[in-house]
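Data block below; observations after.
The values are calculated or read from the model by the stated rules, or taken from the named source; none is laboratory data. Keep in mind it's a predicted model, so treat the numbers as computed, not measured. Virtual Cβ from ideal backbone geometry, glycine too; neighbours counted across all protein chains shown. All accessible areas refer to the heavy atoms of the entire protein, side chains included, with ligands and DNA or RNA removed. Shrake-Rupley method; radii C 1.70, N 1.55, O 1.52, S 1.80 Å.
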Amino acid sequence: PTNNVPAKTGMLGNVKQMYFLWKMLDKNNDRKITVEDVQIMLAEMGLGFLSKYVAKALFDMVDS
């Protein structure tokens, strides 16, 4: 995979992967993953033309 997440096994490896993904998604380092973070991520993926409404819809689908 090209996501640069180190492949680890076991519980500690899973925690490290989750932390890495969290840090990757928290674009402004406010210790939260927000709609704005999703918008930045989409722009970095070349999907900056998507509106903030699409970013909010994606965020709402996974926010609990």
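Selection within the range 1-26: residues that are open to solvent by less than 60 Å² (accessible area, probe 1.4 Å) and closer than 22 Å to residue 57 by Cβ. The member of this set that is modelled with the highest pLDDT is 26.
Residues in the range 41-51 that are under 20 Å from residue 29 (Cα atoms) and open to solvent by 70 Å² or more (accessible area, probe 1.4 Å): 44, 45.
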